[in-house]
Amino acid sequence: MKMFTAALFILFFISNLLLAQWTYVTPPETFFGGNYVLSHNSELYFANNKDVYKTTDDGNTWVNLTNGFVTNLGNSNIMIEIAGSNIFVGSTVLGVFMSPDNGSTWQSDTSGLEGSFNCHIIYSDGTNIFSSFDWPTYGFYMKPASAGSWTRVNSNSIGSGYAATVKGMTKVNNTLYAATRNSGVFESTDNGTTWTQKTNSGLPSPIDGQHGDRLLNIGSDLFVSTDNGIYKSTDQADSWTRVDQGFAVWNQFNVAQIWGMYTDGSNLYASMAQDDSAYYSTNGGSSWSDISGGLNHRLKSFAMHNGTLFAAQWDIDSSIVKYTGLTGIEKENEFQPEIFSLSQNYPNPFNPSTKISFSIPSNTFVTLSIYDILGSKITELINEEMSPGQYSIDFDASDLASGIYYYTLSTNNSAISKKMILLK
């Protein structure tokens, strides 16, 4: 009996290893260069070098959003951002386009851009939309997300030229951060009108050349990807520490070029530029797990959608892949709940992990946070747009002391809290 049980365990372990890999999603068409993937509510967006597509069934069928207006985005790198009801598309060849009606119609959105069409990033903080451009103008612009013309904002604060090209942005509470190519990270406390250069101790220069182009945050911690690894700051970008130990390296000089970086609000994901490898971290970069199984090309962009990690894969098939082996949010079924609910964690008391289940009746932004008995936030398990459904997620409290903790599920309109007991 013991041998039979052991055999079953080994079989289960091996089957899990086989399942933990990347698999192909049906691509919208064959065209070189998978560039960008973005999750928004119940929709997943994908951009190759030519067009922008949308799916509402996790990639089984696709709708071409830009076909008929932007017939060819110039064989360029394409980025997607959604602000309110507007979809923005940035192209490294043709500038910025905007759709006010979910992709049905498009218009060129270059008023005020001073002839800049080599768009490197496009980012929304919920109020304003920002765009950054490379040669020849090296401009950094902002405008209201709803309408209006672009205004150049970097002339007097971030600077101009190659070094000042903004390569990534993020927002922590009421502070905006921008990572430039060769001048470090800047911050703005007035919604992007003026910027102040941070100390940036320990951050390499340049931040990136061709590849790394992401600045992210998990809580108040900042992460920047570079052509020489991933760096983390816990003091508002004044000092930085490298946290990509364990990644493959380019050569004996320990250069690790980061191709893509992403967070789902609690976990960090990254891919390499020089090989077909990808990694993820559940503890802010302190340690990483290799999730390269099944890859045969480099990943440029990630998005967590309905509990599944999707990625744009840079190859001749303009492909999209998804990872099936991560422990994270699980969508238990396609049933649409009638009410917003949060179940009691199980088991409870627990040691060291427990499962939290909840129901979402409509598309909404969801956060699931853990607090100690004094009300201090310990961690944030979920921070993303989610579609209707019944979900569950595992919470690992290995690093916490025994005691009473609370977990709170919040949406735009509701919040529910429950108590759980960690007993070691």
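Residue count for the range 347-382 under the criterion of being over 22 Å from the mean Cα position of the chain (by Cα), part of a strand (DSSP E or B) and among the small types (Gly, Ala, Ser): the result is 3. Count of the range 78-115 residues, restricted to those that are of a type outside the set (D, E, K, R), on the phi > 0 side of the Ramachandran plot and either in a loop (DSSP other than H, G, I, E, B) or outside the structural domain of residue 143 (by TED's automatic domain parsing) (or both), is 5. In the range 176-188 there is at least one residue that is under 16 Å from residue 215 (Cβ atoms), in a strand (DSSP E or B) and in contact with an Asp or Glu (Cβ under 7 Å, 6 or more places away or on another chain). For the criterion of being modelled with pLDDT under 80, surrounded by 17 or more Cβ atoms within 10 Å (Cβ to Cβ) and either touching a helix residue (DSSP H, G or I) at 6+ places or on another chain (Cβ under 8 Å) or not in a strand (DSSP E or B) (or both), residue 284 fails. Reported count of residues in the range 344-382, each being loosely packed, with under 15 Cβ neighbours inside 10 Å, touching a Leu at 6+ places or on another chain (Cβ under 6 Å) and at pLDDT below 90, is 1. Among residues of the range 273-299 that are within 19 Å of residue 313 (Cα to Cα), those with a Cβ under 6 angstrom from a residue that is among the aromatic types (Phe, Trp, Tyr) and part of a loop (DSSP other than H, G, I, E, B), sequence gap 6+ or separate chain, pair up as 274/250; 279/288.
Contact map, the range 179-196: residues that are loosely packed, with under 13 Cβ neighbours inside 10 Å paired with residues that are assigned to a strand (DSSP E or B), Cβ distance under 7 Å, separation 6+ or inter-chain. Pairs shown: 196/186; 196/187. Among the residues here, residue 157 qualifies as modelled with pLDDT under 85 and assigned by TED's automatic domain parsing to the domain that holds residue 99.
Residue-by-condition table, conditions (1) among the hydroxyl-bearing types (Ser, Thr, Tyr); (2) surrounded by fewer than 17 Cβ atoms within 10 Å (Cβ to Cβ); (3) assigned to a loop (DSSP other than H, G, I, E, B); (4) in contact (Cβ under 8 Å) with a residue 60 or more places away in the chain:
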| residue | (1), (2), (3), (4) |
| --- | --- |
| 384 | no, no, no, yes |
| 398 | yes, yes, yes, no |
| 405 | yes, no, no, no |
| 408 | yes, yes, no, no |
| 412 | no, yes, yes, no |
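The condition of being modelled with pLDDT under 75 and either buried (at least 22 other Cβ atoms within 10 Å of the Cβ) or among the hydrophobic types (A, V, I, L, M, F, W, C) (or both) holds for only one of 73, 38, that being 73.
Checking 193, 199 one by one, the residue that is at pLDDT 90 or above and either touching a Leu at 6+ places or on another chain (Cβ under 9 Å) or more than 17 Å from residue 120 (Cβ to Cβ) (or both) is 199 and no other. Exactly one residue among 23, 92, 56, 5 is over 22 Å from residue 128 (Cβ atoms) and either modelled with pLDDT under 85 or surrounded by 22 or more Cβ atoms within 10 Å (Cβ to Cβ) (or both), and that residue is 5.
The values are calculated or read from the model by the stated rules, or taken from the named source; none is laboratory data. Here the structure is a predicted model, which is why all the values come from computation and not from measurement. Virtual Cβ from ideal backbone geometry, glycine too; neighbours counted across all protein chains shown.
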